[in-house]
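One structure below.
The values are calculated or read from the model by the stated rules, or taken from the named source; none is laboratory data. Keep in mind that this is a model prediction, so the values were computed, not measured. We place every Cβ from the backbone using ideal geometry, glycine too, and count neighbours over all the protein chains shown. Ligands, DNA and RNA are stripped out before the accessible areas are found, and what is left, the full protein with its side chains, is counted by its heavy atoms. Shrake-Rupley method; radii C 1.70, N 1.55, O 1.52, S 1.80 Å.
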Amino acid sequence: MGTISNLTNTFPLHIRKFKFPSSSSSSSYRFPLSTLSCSTPEPESNTTTSISQTPNSNATSYFPKRGQTLELLCESLAFKGKGLCKVTDTGFVVMCDRALPGERFIGRITRKKGNYAEAAKLQTLTPPFDTVDAPCVYVPHCGGCKTQNLAYHAQVKAKEEQVRELIIHVGRFSQKELELHGIMKPIVPCDIQFNYRNKMEFSFGPYKWLPKESMHERNDDGGSENYALGLHVPGYFDKIINVDKCLLQTDPANKVLAAIQECWRDPQLGFSPYNVHSHVGFLKHLMLRSGRDVMTGLPEIMVNFVTSSYKPELLKVLVDKVSAFPEVVSIMNNVNTSVGNTSVGEEEYTLHGKSSITETLRGLTFQISANSFFQTNTHQAEVLYKLIEECAGIKGDGSEIVLDLFCGTGTIGLTLARSAKHVYGYEVVPQAIADARLNAELNGIQNATFVQGDLNKIDENFGKNFPKPDIVISDPNRPGMHMKLIKFLLNLKAPRIVYVSCNPATCARDLDYLCHGVAELNIKGCYKLISLQPVDMFPHTPHIECVCLLELC
């Protein structure tokens, strides 16, 4: 079976190791294959590869050329959801997007990277294992649900195997060790596989992207009927698939999306979608957030229009239309004058209702503003946070100090504060810290302190403003933890660390450093990995969450 181990187990140690990202770079790893990155679909970055293979006597046929058409067999899914495939005649490794295990197909080589290649699928010869009919019409082209046509039990099985391979071959934990001590736990599936996202962001554009077979539908006159509101084509910042309904977001949010799609192209309304090339146009993004009224439990929807300038009179017709939905309790306008593609505005205005919606999690109430961070799958966040609480193992007598690193809006720290003596949270985003303090006040929690600061740039003074913690929670973003923070934790020697990760590749790397040290830097590890629990937070996508418990040796 082709797995990540085929690509890593013969590498010299200095190649297998990641190069730590600097504070100004989020993805400068030296580990081969973009499949080990947890970033959203985008053009591949430069990587260093050295796949050990034994070519046959015909070197030309063994190493395929760009543009060459070959018969391929997909053996497994690699991280990021790409199929790990082999050339049927030679066994040469080829990564192919949208290829599924068991699928035999014709592919065209699109890119050569050292001793492996990437391909585009042209024609399926033999269908994959565990295939199902995808209910979403956009699956063939949209990057949001790449594995929707793979049975869910096969999806979670593949994710669990990906985590195991990374922990063994990047984290340097043996298979025997994982099994003997029961470290690696079975993945926790998600009970709700559709309509689970509480936040979706759609983009406006001057042209709908159409696949080749539908190009005849395009009107070349450049009229408003060609305008797009939807999701980006994977790998392109300027191509938008028009989306009328997304099966990942809630039903009330889909009703709002449909209502906006129904009218915004009317030329009499005077709307112009933003053009990312000419930097001209008014409507940039549409963000829909879903929550619940704390008292009634009824759904709450926030509609956030991101525009290039402030023209409330122009937006009035859309505001009037969507405010008619009883679920819509907040309509915001973020004004972003920059040429970048971000949805966060320099100015924010409330056009209807209140400036935030609410949600409950682990018995606490959270205010969610337009730009605040909140776990995107509320249902599965309950499961995730319960696992974190269990790993933290707080005594409950109010005697323990918790250090919450990368605390975001304080959701994890605040759920632990009820049993702790004090929680100290650190986060680089100022708005997130403001939201964390607001959430603490909203829930009457006074034993939580939230501080704004960049954990990638800590110095020798970090740690002097709080007592030594009994428990450290670390929930970094996809690049993982910086070496400065790794060194700090190894010197701090807190009894327990709960590491929460959305990127198993950098999680495995950081666990390696905390447990085994970094010989090249003369750093010794001092932790033992007690448990590693994968959690599927986002069905039909390649993303995987992990909750890891480490104890001081």
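Descriptive notes on the structure:
- Rounded Å value of the spacing that divides the Cα centres of the stretch 159-182 and the stretch 457-479: 27
- Farthest towards the positive end of the charge dipole of the stretch 121-223, among the residues P206, V188, L125, is the Cα of V188, using unit charges on the Cβ of Lys, Arg, Asp and Glu.
- Counted charge near V276, where neighbours are those whose Cβ lies closer than 14 Å (Asp, Glu -1; Lys, Arg +1): +1
- Of K82/K255; K284/K316; K65/K239; K80/K255; K80/K113; K464/K484, pairs whose Cα-Cα distance is over 21 Å: K82/K255; K65/K239; K80/K255
- Signed unit charges on C-beta, dipole axis of the chain, positive-most listed residue H352, V423, L492: L492
- When only alpha carbons are used to place a centre, the stretch 61-80 and the stretch 361-393 end up 40 Å from one another.
- Only protein atoms count toward the accessible area here, which uses a 1.4 Å probe; on the chain, the carbon and sulfur part of that area reaches 51 percent.
- Point-charge dipole on Cβ atoms (K/R +1, D/E -1) for the chain, about Cα centre, debye to 20: 1500
- Summed side-chain charge close to D244 - residues other than D244 whose Cβ falls under 13 Å, Lys, Arg +1, Asp, Glu -1: +3
- Distant-in-sequence amide H partners of N242 (H built 1.01 Å from N, under 5 Å): W209
- The stretch 374-431, Cα convex hull volume normalised per residue, Å³: 77
- Accessible area per residue (1.4 Å probe, heavy atoms of protein chains only) ranks R362, R172 as R172, R362, with the largest value leading.
- A Förster distance of 41 Å, applied to the separation of the beta-carbon atoms of Y310 and T88, puts the FRET efficiency at 0.10.
- Relative contact order of the stretch 72-113, defined on C-alpha pairs under 8 angstrom at six or more residues apart (%): 40
- Each Lys or Arg adds one and each Asp or Glu takes one away; over the other residues whose Cβ falls under 10 Å from the Cβ of E262, this sums to 0.
- Dipole magnitude of the stretch 289-359, debye to nearest 20 (Cβ charges: Lys/Arg +1, Asp/Glu -1, about Cα centre): 140
- Within straight-line cross-link reach of K528, aspartates and glutamates at Cα separation under 18 Å, skipping those fewer than 8 residues along the same chain: E177, E179, E390, D470, D510, D512, E551
- Evaluated at q = 0.20, 0.24 Å⁻¹: base-10 log I(q)/I(0), Debye formula over Cα of the stretch 328-368: -0.71, -0.82
- All-pairs alpha carbon distance profile, the stretch 112-257, 5 Å steps from 0, percent: 2, 7, 12, 15, 15, 15, 14, 10, 6, 3, 2, 1, 0, 0
- Loop GluC sites (Glu not before Pro), the stretch 444-553 (other Cβ atoms within 10 Å of the site Cβ: 14 or fewer; DSSP): E460
- Cβ-Cβ FRET estimate between V137 and D238, R0 fixed at 22 Å, reported to 0.05: 0.45
- Scanning residues 5 or more positions from G425 or on other chains, those with amide H under 5 Å from its amide H are D404, T449, F450, V451, with H placed 1.01 Å from N in the peptide plane.
- Those trypsin sites (Lys or Arg not before Pro) in the stretch 396-489 that DSSP places in a loop and that have at most 14 other beta carbons within 10 Å: K457, K464
- Taken about its Cα centre, the stretch 117-271 carries a charge dipole of roughly 440 debye when the Cβ of each Lys and Arg holds +1 and the Cβ of each Asp and Glu holds -1.
- Helical mean residue ellipticity (222 nm; -39500 (n - 2.57) per DSSP H run of 4+; nearest 500) of the chain: -6000 deg cm²/dmol
- Solvent-accessible surface (1.4 angstrom probe) belonging to M200, in square angstrom, nearest 10: 20
- Listed residue (P252, G171, V137) projecting farthest to the positive dipole end of the chain, Cβ model: G171
- Values of log10 I(q)/I(0), in the order q = 0.06, 0.08 Å⁻¹, for the chain under a Debye, Cα-only, solvent-free model: -0.32, -0.57
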